[in-house]
Structures are given as C-alpha cells and as structure tokens.
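Here's the structure we're looking at; comments come further down.
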Ligand code: TRP
C-alpha cells in the first residue's frame, strides 16, 4: 500500500497545545482545562463516576499505552459529520497517536436496528474510510473491519444471549430512548438485543477500553455484566473475558443548524468532507437569537453557544473569550468568525481527503487487511469459548 496519504498527528482541539489528558474532569472535582465546556450540572452519580474513572485511565494511557486495546466504531448510516469528528474521531486518532492499539468496527449488521433498508452500504463505508484517514486514522496501524465479515464475532452473541434476561434488556435506557425516537416503530428483536451485539463487538477482541459518549454507558454496563457472567458460568477458575472500561468522550454535544443534536438522519449536519462553500452555507443557516450582544450561555442561548463552542474547538480559545471578541457586533460577525475558523481548522483534513479521493486505490480495499485480522482474533476467541463451553468435538 503506497498510495494512501500518511496519517499526520491530529491534535485534539480540546488540547491544542498541551499533552494533558483531554477529558474535561466534569464532576471529578479537579481543575478543568480553560477551553473545556462547563460541566453539565445534572449528571447522575454513575456518569460522574465514569468521568472520574476516565481521568485515571487517561493517566494510565499516558504512562503505558501498550496496556490498552481499544474497540469502538459506528453504524455506517452515512458519511461522518463534524459532531462525530469532535466527539469521537479526533479522540481515536489521538489514542492511536499515543500508541494505543485500536480496532474500529463498522457495524453494518446494526444499521437495520432502527430502519428497514441498509442503503448504499458500499458507498457509505467508502466515505467513512476516507473520513477516518483524513482525520488521521492510519489503516496500517488501526484495524478497521466490517461486522458482517466476521462470522465468529457474531456467533458469540448466542452464548451471551443466554446470560441476559428480557426484562433486563427492556430496562436499558438507551434502547428505550431509541425505541421512543423511532416514533411508533415496533421494537425488533435486533433492537432489543442491541447491547448484547455490542458486547460481542467488544469482547471478541478482549478490548479493555471503549471510548464512548454518555448514551453508550448502559451498553457498556451490559458488556461488563456479560463478561462477568460468562466467566462465572463457563470459566470459574480463571476469568476468561476482561471487563472493559468506558473512556468518556471529552467533547460537548455539537448541534446542527436547526439547534437539535447534529445527526445524519436529521439532515442538519456539516460533513467532515464539506467544501468551504458548504461550510459557509451551514453556518449561515445556524439558528441564533435576537440578542445582538454575544454571550456564552449554553442553557439560555443554545444556538449562539454552539457557534461559540465550534469556534473554541477550532481555535483553542475559550467560548467566553470568543464571545468577548465579538461583543455587540452580533450574530453576523460571530458567524463570519466561525466560518473562517471551521474552514481553516479542516483545511488539512480536506486536503488529505481530496488526495485520497484522487488516488486510484479503492478505500474498500483497506478492509481486506482489517477484516482478515478481525477474523483471526474472532476465530481464536470462538475456539476458546467452545473449549470452555465443552462444544469442541475434534
Ligand atoms: N452503538 C454504537 C453507535 O450507535 C456503534 C457501535 C457498535 C459500537 N458496536 C460498538 C461502539 C462497540 C462501541 C463499541 O454509535
């Protein structure tokens, strides 16, 4: 493979000039970096605990990155947007850069949890592979694979299903939210068992670290419970599966131009691959309010705050400092600043993506290596599991 653009280190925007841990230690009682967003005020105890734990983990990563294997990924439902970038993708590139082993699953089977059609999967997966590389993920170092290409991973779901009750699955808050968001769509068995599938994704490769957003914490709890129960039932003498830790995403939620959470399906997003014109058009459409004096007040003025957050992520200044800079010059001046900041910040990302698009190498060919490696790991895990369950006959 000679034609892909070498990944350049991506500095996560929340840590533009330091090597300090990225996580805003919200709720952890320690000083937070100046440019981190304020801690949400209404966190539950378990989220605060996960944040505190994440800080400890960041320290351990800095000391010994080789002690960690990270698995994370996404459902390939569309090209990636800047919410993905600031929320997870830049953080993955940072972990890779720090020397942590990284596996990324493109969970294609899971696309049909909340919809009937898979869409143009080949096209979508191709776009995501370009986005990954443009953002600094190096397919030579990071194992990128598609779910459906790894049968042994999916077979782990069978024993795992025996270790969880329907009542427990029905209580999962993220599954409930997703069902609610589905607007009357009947819950499928695939949706109900989603946390079990995700557990198989994580446990097949013995990942011990999973970077996630808050909404994924319940799934990780299921994963930990399944690891424990499997060990208890089938490998009591020596725990076989490790219980993975969540590494909470450092970044705030990015809103789309309509003021709702940025999402592919809402069509309110700015893609990583956006041109300068598309970036300007997105910012122009972003909702603000009638108050000309720009202030950073996320609760009261979410639209303005979102623009300030974007400016902050791209420039390394605090949202408050950006607000002061604009003062009474109004939303127009703020939008001009944000457009400029986004265009500049993503310039190298865009350049790498363009170079990759112009190359004759089909991005899908990267999956050969990733899928082969994922299969090798999954086959070995399934062999062990068969051994432990007594289903090895030859
Ligand atoms: N559930 C994740 C999402 O909807 C995608 C995903 C699938 C995932 N398998 C995973 C994330 C394993 C972390 C670990 O975005």
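In the stretch 301-316, the condition of being more than 27 Å from the chain's Cα centre (by Cα) and closer than 28 Å to residue 267 by Cβ is met by no residue. Just checking, does the stretch 15-30 include any residue being over 19 Å from the mean Cα position of the chain (by Cα), more than 16 Å from the ligand (Cβ to nearest atom) and at pLDDT 50 or above? No, the conditions are met nowhere in the stretch 15-30. Residue-level analysis places residue 382 outside the set of residues that are more than 30 Å from residue 159 (Cα to Cα), within 27 Å of the chain's Cα centre (by Cα), modelled with pLDDT of 95 or more and in a helix (DSSP H, G or I).
From the list 206, 219, the one residue that fits, being modelled with pLDDT of 90 or more, within 15 Å of the ligand (Cβ to nearest atom) and part of a loop (DSSP other than H, G, I, E, B), is 206.
Does any residue of the stretch 239-253 turn out to be in a helix (DSSP H, G or I), within 15 Å of the ligand (Cβ to nearest atom) and in contact (Cβ under 8 Å) with a residue 40 or more places away in the chain? The answer is no; no qualifying residue exists.
Consider the stretch 80-107 and keep the residues that are more than 10 Å from the ligand (Cβ to nearest atom) and part of a loop (DSSP other than H, G, I, E, B). The one that is surrounded by the fewest Cβ atoms within 10 Å (Cβ to Cβ) is 99. Assessment of the stretch 140-150 against the conditions (in a loop (DSSP other than H, G, I, E, B), free of Cβ contacts under 8 Å to residues at least 40 places away in the same chain and more than 16 Å from the ligand (Cβ to nearest atom)) yields no matching residue. Annotation: of all residues in the stretch 62-78 being over 21 Å from residue 143 (Cβ atoms) and either under 11 Å from the mean Cα position of the chain (by Cα) or at pLDDT 95 or above (or both), the one that is farthest from the ligand (Cβ to nearest atom) is 63.
Report yes if residue 116 is in the same structural domain as residue 87 (by TED's automatic domain parsing), away from the ligand (no atom under 16 Å from the Cβ) and within 20 Å of residue 69 (Cα to Cα), otherwise no. In short, no.
The values are calculated or read from the model by the stated rules, or taken from the named source; none is laboratory data. Because the structure is a prediction, the values reported are computed rather than measured. Backbone-built Cβ (ideal geometry, glycine too); neighbour counts: all protein chains shown.
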